[in-house]
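The next block holds one structure in the form of C-alpha coordinates; read it before the comments.
The values are calculated or read from the model by the stated rules, or taken from the named source; none is laboratory data. In this text the structure is predicted, and so the values were computed from the model without any measurement. In this analysis, Cβ positions are derived from the backbone assuming ideal geometry, glycine residues included, and neighbour counts consider all displayed protein chains. Note: areas computed on protein heavy atoms with side chains; ligands, DNA, RNA excluded. Shrake-Rupley method; radii C 1.70, N 1.55, O 1.52, S 1.80 Å.
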Amino acid sequence: QVQLVESGGGLVQAGGSLRLSCAASGRISRMVMAWYRQALGKQRESVASIISGGTTNYADSVKGRFTISRDNAKNTVYLQMNSLKPEDTAVYYCHALAVPGGYDYWGQGTQVTVSS
(Lines give C-alpha, C1' and ligand atoms only; values in the text may rest on other atoms or scores of the structure.)
Protein backbone atom coordinates (compact mmCIF):
# COMPACT_ATOMS: atom_id res chain seq x y z
CA GLN A 1 0.00 0.00 0.00
CA VAL A 2 1.33 3.41 -0.99
CA GLN A 3 -0.07 6.69 0.23
CA LEU A 4 0.34 9.80 -1.89
CA VAL A 5 0.17 13.29 -0.46
CA GLU A 6 0.04 16.29 -2.75
CA SER A 7 1.04 19.81 -1.80
CA GLY A 8 1.81 23.13 -3.43
CA GLY A 9 -1.58 24.11 -4.77
CA GLY A 10 -3.06 27.55 -4.28
CA LEU A 11 -4.32 30.71 -5.90
CA VAL A 12 -2.18 32.37 -8.57
CA GLN A 13 -2.73 35.01 -11.24
CA ALA A 14 -2.71 34.13 -14.90
CA GLY A 15 0.85 33.93 -16.17
CA GLY A 16 2.17 32.85 -12.81
CA SER A 17 3.78 29.62 -11.67
CA LEU A 18 3.22 26.90 -9.11
CA ARG A 19 5.12 23.78 -8.20
CA LEU A 20 3.17 20.77 -7.03
CA SER A 21 4.76 17.99 -5.03
CA CYS A 22 3.58 14.44 -4.44
CA ALA A 23 5.22 12.59 -1.58
CA ALA A 24 4.83 8.82 -1.51
CA SER A 25 4.95 6.68 1.62
CA GLY A 26 6.76 3.91 -0.23
CA ARG A 27 9.28 3.39 -2.98
CA ILE A 28 8.24 4.75 -6.36
CA SER A 29 11.32 3.85 -8.39
CA ARG A 30 9.48 1.20 -10.41
CA MET A 31 6.20 3.06 -10.66
CA VAL A 32 4.73 5.10 -13.45
CA MET A 33 3.88 8.41 -11.82
CA ALA A 34 1.38 10.86 -13.21
CA TRP A 35 -0.59 14.00 -12.54
CA TYR A 36 -4.26 14.25 -13.38
CA ARG A 37 -6.67 17.12 -12.94
CA GLN A 38 -10.38 17.55 -12.65
CA ALA A 39 -12.12 20.83 -13.20
CA LEU A 40 -15.55 21.51 -11.74
CA GLY A 41 -18.17 19.70 -13.79
CA LYS A 42 -15.64 17.97 -16.01
CA GLN A 43 -14.07 14.54 -16.20
CA ARG A 44 -10.68 13.83 -14.72
CA GLU A 45 -7.96 14.12 -17.35
CA SER A 46 -4.33 13.17 -17.61
CA VAL A 47 -1.89 16.07 -17.44
CA ALA A 48 1.55 14.48 -17.43
CA SER A 49 3.27 11.19 -16.71
CA ILE A 50 6.79 9.93 -16.14
CA ILE A 51 8.08 6.37 -16.21
CA SER A 52 10.87 4.96 -14.10
CA GLY A 53 13.44 5.64 -16.82
CA GLY A 54 12.47 9.29 -16.97
CA THR A 55 10.53 9.41 -20.22
CA THR A 56 7.71 11.91 -19.96
CA ASN A 57 4.40 12.48 -21.68
CA TYR A 58 2.16 15.55 -21.62
CA ALA A 59 -1.33 16.54 -22.56
CA ASP A 60 -1.32 18.87 -25.56
CA SER A 61 -2.92 21.60 -23.45
CA VAL A 62 0.11 21.83 -21.13
CA LYS A 63 3.04 21.05 -23.43
CA GLY A 64 5.75 23.66 -23.17
CA ARG A 65 4.30 25.05 -19.92
CA PHE A 66 4.34 22.14 -17.44
CA THR A 67 7.24 19.89 -16.49
CA ILE A 68 6.96 16.63 -14.58
CA SER A 69 9.96 15.25 -12.73
CA ARG A 70 10.74 12.64 -10.13
CA ASP A 71 13.22 12.14 -7.33
CA ASN A 72 13.23 8.43 -6.58
CA ALA A 73 15.56 8.88 -3.62
CA LYS A 74 12.95 11.11 -1.99
CA ASN A 75 9.97 9.14 -3.34
CA THR A 76 8.58 12.39 -4.64
CA VAL A 77 7.16 13.58 -7.94
CA TYR A 78 6.87 17.20 -8.97
CA LEU A 79 4.83 19.20 -11.44
CA GLN A 80 6.27 22.58 -12.34
CA MET A 81 3.52 24.69 -13.85
CA ASN A 82 4.46 27.90 -15.68
CA SER A 83 2.45 30.40 -17.69
CA LEU A 84 -0.69 29.31 -15.92
CA LYS A 85 -4.05 30.03 -17.51
CA PRO A 86 -7.52 30.27 -15.96
CA GLU A 87 -8.42 27.04 -17.76
CA ASP A 88 -5.76 25.26 -15.69
CA THR A 89 -7.97 25.73 -12.64
CA ALA A 90 -8.76 22.29 -11.23
CA VAL A 91 -8.04 19.83 -8.46
CA TYR A 92 -4.74 18.16 -9.29
CA TYR A 93 -4.25 14.54 -8.32
CA CYS A 94 -1.12 12.46 -8.08
CA HIS A 95 -1.34 8.88 -9.41
CA ALA A 96 1.03 5.94 -9.06
CA LEU A 97 0.90 2.75 -11.13
CA ALA A 98 2.93 -0.23 -10.00
CA VAL A 99 4.77 -2.01 -12.81
CA PRO A 100 4.46 -4.96 -12.87
CA GLY A 101 1.39 -5.68 -10.84
CA GLY A 102 -1.03 -3.09 -12.07
CA TYR A 103 -1.90 -1.76 -8.64
CA ASP A 104 -2.57 1.93 -8.63
CA TYR A 105 -2.92 4.64 -6.02
CA TRP A 106 -4.37 8.14 -5.87
CA GLY A 107 -3.64 11.14 -3.71
CA GLN A 108 -6.33 13.26 -2.14
CA GLY A 109 -5.82 16.16 -4.54
CA THR A 110 -4.70 19.75 -4.27
CA GLN A 111 -6.66 22.74 -5.56
CA VAL A 112 -5.09 25.03 -8.14
CA THR A 113 -6.96 28.21 -8.96
CA VAL A 114 -5.76 30.61 -11.64
CA SER A 115 -7.37 34.03 -11.68
CA SER A 116 -7.65 36.14 -14.83
*Please state the charge dipole magnitude for the chain, taken about the Cα centre, from unit charges on C-beta atoms (+1 on K and R, -1 on D and E), reported in debye and rounded to the nearest 20.*
160 debye
*Over the chain, what percent of the accessible surface lies on carbon and sulfur atoms, probe 1.4 Å?*
48 percent
*Karplus-derived HN-Hα couplings along segment 9-21 (A = 6.51, B = -1.76, C = 1.60, θ = phi - 60°), whole Hz, x at Gly and Pro*: x, x, 9, 9, 7, 4, x, x, 10, 9, 10, 8, 10
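How much of the DSSP beta bridge set in the chain is antiparallel, as a percent to the nearest 5?
Numbers: 38 of 42 bridges.
If I count the DSSP bridges inside the chain, around 90 percent turn out antiparallel.
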*Within straight-line cross-link reach of Lys85, aspartates and glutamates at Cα separation under 18 Å, skipping those fewer than 8 residues along the same chain*: Glu45, Asp60
*Residues of segment 32-64 with amide N under 18 Å of the 7 Å Cα→Cβ point at Ser17*: 62-64
*What is the extension gain from Asn57 to Ser29, computed as 0.36 nm multiplied by their sequence separation minus the C-alpha to C-alpha distance, in nm to one decimal?*
8.4 nm
*Set Lys and Arg Cβ to +1 and Asp and Glu Cβ to -1, take the dipole of the chain about its Cα centre, and tell me which of Val47, Ala59, Gly26 lies farthest positive.*
Gly26
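Quick one: accessible area per residue over segment 21-116, 1.4 Å probe, rounded to a whole number of Å²?
Values: 5050 Å² over 96 residues.
Accessible area per residue: 53 Å².
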*Relative contact order of the chain: what whole-number percent is it, with Cα pairs under 8 angstrom and at least 6 residues apart?*
36 percent
*Please report, largest first and rounded to whole Å, the three semi-axes of the ellipsoid equivalent to the chain, where each semi-axis is the square root of five times an eigenvalue of the C-alpha gyration tensor.*
23, 14, 13
*Across the Cα atoms of segment 50-116, what radius of gyration and what greatest pairwise Cα-Cα distance (Dmax) are found, in Å?*
13.3, 43
